[in-house]
Structure formats: C-alpha cells, structure tokens
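Everything on this sheet refers to the single structure shown next.
The values are calculated or read from the model by the stated rules, or taken from the named source; none is laboratory data. Remember, predicted model here, so these are calculated numbers, not experimental data. Every residue, glycine as well, gets a Cβ built from its backbone with ideal geometry; the counts of neighbours run over all protein chains shown.
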Amino acid sequence: MNTTSSTALRSRIRMAAIGVPLALALAACGGSDDADGAAAGTIAQGEVAEAVAAPEGSQWIDVVSRTETGGWLMGNPDAPIKLIEYGSLTCGACAAFTAEGAEPLKSDYVNTGRVSFELRSMPLHGAIDLVLTRMLECAPVEAGPALADQVWLNLPEVYGGFQQNMEGAQQALTLAPEERLVQFAERTGFLDFFAARGIGKDAARTCLADADAAENLANTLQSAAEADNINKTPTFLINGTQVEASRWSELEPLLQRAGARSGE
C-alpha cells in the first residue's frame with residue numbers, strides 16, 4: 001500500500017501542477033501508521049440490495065460519467081451501495097488489486113446495478129501520476145476506468161519508460177507551462193503507450209498542453225483527498241465510510257456486508 005502524510009500529499013500535488021522538479025520515485029508499499037490518517041470504519045450489516053436493470057441495450061459497466069471530485073463514476077448512479085477507490089496510477093498495490101479484483105467487481109457487482117464504482121486518482125508521486133491522470137482525461141469519458149486498468153496491468157512497462165528517461169522527465173517540468181506535460185509524456189513513452197490504446201498522439205499533445213486544465217485537475221484531486229482524509233493507496237470507501245481493505249479478498253466481504261450480492 002502506498003502511503004504519504006496529508007501535508008506531503010498537498011505539496012506533491014501542488015508542485016506537480018506548477019511543474020517544480022520533483023524527486024519522482026515509486027514509493028514503497030506498506031501499511032500506514034500516520035497519526036493524521038483516518039481510522040478505518042466498520043460497515044453495518046445491510047439489507048440485500050435488489051438488482052437494477054441497466055438502460056435498454058446497455059450494461060451498467062458501460063455507463064461512465066465524471067464527478068465533481070475529478071473521478072470516473074461507473075455503473076448505476078443511484079446504486080444503494082457506493083464504492084470509491086482512491087488509487088495512485090503508479091501504485092503497485094493498486095495494480096495488484098486491479099489484477100485480482102477489477103473484473104469480478106465490475107462484472108459481478110457493478111453490472112447488477114447494486115454497486116456504483118468511482119475511481120479517484122490520487123497523485124502520490126507528483127507529476128508522473130498527474131500526467132497519467134491527464135492522459136485518462138484526454139480519452140472519451142467512458143474509456144477512463146478501462147485505461148486506468150491498462151496502466152495498472154502494465155505498470156512495469158509504464159513506469160519503466162519513466163525510469164529510462166528520468167532526467168529528461170525532470171527537465172520537462174522546467175519548460176513553459178504549455179510544454180511541461182506534453183514533453184513529460186513524450187520523453188517517458190506515455191504518448192506511445194496510450195496511442196496503442198486509442199488516444200492519438202496529436203490529440204493527446206493538444207490535451208496535455210492545456211496548463212489550466214492540469215492545474216484545475218490537481219486542485220480538484222487535492223481537495224477530494226483532503227476532504228476524505230486520504231493518505232494511502234489504495235483506499236476504499238463504502239457509502240462514505242473508509243474501510244480497512246487493500247485486496248479484493250478483503251473488500252468483497254465488506255461489499256456483501258453492505259448488502260451487495262454478485263450476479264443477478
């Protein structure tokens with residue numbers, strides 16, 4: 001589990017937005033003993049939620065919208081069980097959760113209409129996370145969660161591109177605001193990675209050149225994380241309660257306790 005203090009989080013997100021050179025390194029995974037971290041709550045036993053049919057001709061996993069918190073909301077927006085994940089796109093523990101749990105979560109729970117799933121990116125590692133999150137924003141809204149999964153499922157490749165040109169990535173952050181994220185993505189191979197998954201390079205460059213959008217995104221992500229007192233990834237909230245779970249085998253029983261059931 002990737003962790004940071006709330007003060008460090010504010011600093012990293014702010015510096016990522018304005019382009020101050022950072023010591024960008026993949027943080028170690030492990031539990032958090034931060035004194036200012038929120039204590040994980042307990043989930044009350046809920047009544048079994050009824051399945052809800054998706055709009056005709058669609059599946060709930062194909063229904064995706066953006067939220068005021070900068071997240072991607074998948075599924076029935078009125079689902080009685082609302083799951084939120086705060087995840088860093090360069091977090092190894094988040095990648096492990098995706099490999100184990102993304103498919104059953106979406107197919108067995110979100111697709112029933114009982115559970116909605118909101119992904120909120122948390123830029124624990126500064127500019128690298130912010131650039132990757134902006135790349136998700138450069139895609140059609142409905143593609144965001146799937147692209148996040150692609151990053152996590154191919155994390156050695158994604159992070160390896162950064163490691164191979166770390167100096168160039170650092171230098172990119174000293175350029176003019178409209179060039180910073182573009183050159184960061186160019187030099188790390190992120191443009192190539194996402195181009196192979198449907199985001200054209202020219203469109204991505206235009207998107208990443210919008211410095212105001214990047215700063216707004218950073219501010220929005222920071223505000224959401226602070227409001228929920230998040231200092232580690234992955235962190236999950238079920239109906240607003242932060243729970244002690246980082247693996248699918250830990251999270252699924254909590255969803256079921258809240259009233260979720262798999263399948264129809």
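Can you list the strands (runs of 3 or more DSSP E) found entirely within the stretch 71-159 that contain at least 3 residues being free of Cβ contacts under 8 Å to residues at least 60 places away in the same chain? Don't jump to the end; show me each part of the working.
Working: elements: 72-74, 81-87, 115-121.
Of the strands (runs of 3 or more DSSP E) lying wholly inside the stretch 71-159, those with at least 3 residues that are free of Cβ contacts under 8 Å to residues at least 60 places away in the same chain span 115-121.
Identify the residue in the stretch 229-244 that is surrounded by fewer than 21 Cβ atoms within 10 Å (Cβ to Cβ) and over 15 Å from the mean Cα position of the chain (by Cα) and, among all such residues, is farthest from Ser262 (Cα to Cα). This residue is Asn229.
Within the group Ala211, Ala172, which residue is in contact with a Pro (Cβ under 7 Å, 6 or more places away or on another chain), farther than 26 Å from Ile84 by Cβ and among the small types (Gly, Ala, Ser)?
Details: Ala172 fails: in contact with a Pro (Cβ under 7 Å, 6 or more places away or on another chain).
None of the other options fit; the residue is Ala211.
Taking the listed residues Gly75, Gly71, Gly87, the one that is touching a helix residue (DSSP H, G or I) at 6+ places or on another chain (Cβ under 9 Å), at pLDDT 95 or above and on the phi > 0 side of the Ramachandran plot is Gly75, with no other qualifying. Looking at (1) closer than 29 Å to Val52 by Cα; (2) touching a residue at least 24 places away in the same chain (Cβ under 8 Å), can you tell me which one Val182 breaks? Here Val182 clears every test but (1). Ala224 - would you say it is in contact with a Lys or Arg (Cβ under 7 Å, 6 or more places away or on another chain) and not in a helix (DSSP H, G or I)? Criteria not met by Ala224. Residues satisfying the criterion are present in the stretch 115-122 (criterion: under 16 Å from the mean Cα position of the chain (by Cα) and hydroxyl-bearing (Ser, Thr, Tyr)).
Looking at Ala225, Ala176, just one residue is among the small types (Gly, Ala, Ser) and touching a helix residue (DSSP H, G or I) at 6+ places or on another chain (Cβ under 8 Å), and that residue is Ala225.
What about Thr220, is it surrounded by fewer than 22 Cβ atoms within 10 Å (Cβ to Cβ) and in contact (Cβ under 8 Å) with a residue 60 or more places away in the chain? For Thr220, the condition - surrounded by fewer than 22 Cβ atoms within 10 Å (Cβ to Cβ) and in contact (Cβ under 8 Å) with a residue 60 or more places away in the chain - is met. Restricting attention to the stretch 190-216, the residues that are assigned to a loop (DSSP other than H, G, I, E, B) and of a type in the set (Asp, Glu) add up to 1.
Filtering the stretch 99-110 to residues that are within 16 Å of Ala146 (Cβ to Cβ) and surrounded by fewer than 23 Cβ atoms within 10 Å (Cβ to Cβ) leaves Ala99, Gly101, Ala102, Glu103, Pro104, Lys106, Ser107.
Could you tell me whether the stretch 245-260 includes any residue that is among the polar types (S, T, N, Q) and buried (at least 18 other Cβ atoms within 10 Å of the Cβ)? So that I can check it myself, show each step before the final result.
Residues of the stretch 245-260 that are among the polar types (S, T, N, Q), as a first pass: 246, 249, 256.
In the following step, the residues that additionally are buried (at least 18 other Cβ atoms within 10 Å of the Cβ) were identified as 246.
Checked the stretch 245-260: at least one residue is among the polar types (S, T, N, Q) and buried (at least 18 other Cβ atoms within 10 Å of the Cβ).
I need the full set of residues from the stretch 113-136 which are surrounded by fewer than 24 Cβ atoms within 10 Å (Cβ to Cβ) and polar (S, T, N, Q), in order please. The answer is Ser116, and nothing else. Checking each residue in the stretch 198-215 for being basic (Lys, Arg) and closer than 22 Å to Pro123 by Cα picks out only Arg205.
If I ask for residues that are farther than 17 Å from Leu89 by Cα and buried (at least 18 other Cβ atoms within 10 Å of the Cβ), which ones from the stretch 137-168 would you list? Answer for the stretch 137-168, where residues must be farther than 17 Å from Leu89 by Cα and buried (at least 18 other Cβ atoms within 10 Å of the Cβ): there is none. Ala172 falls short on exactly one of the conditions (1) hydrophobic (A, V, I, L, M, F, W, C); (2) without any contact (Cβ under 8 Å) to a residue 60 or more places away in the chain; (3) within 22 Å of Lys232 (Cβ to Cβ), and that condition is (3).
Determine if the stretch 154-175 includes at least one residue that is in contact with a Ser or Thr (Cβ under 6 Å, 6 or more places away or on another chain) and under 25 Å from Ala227 (Cα atoms). There is no residue in the stretch 154-175 that is in contact with a Ser or Thr (Cβ under 6 Å, 6 or more places away or on another chain) and under 25 Å from Ala227 (Cα atoms).
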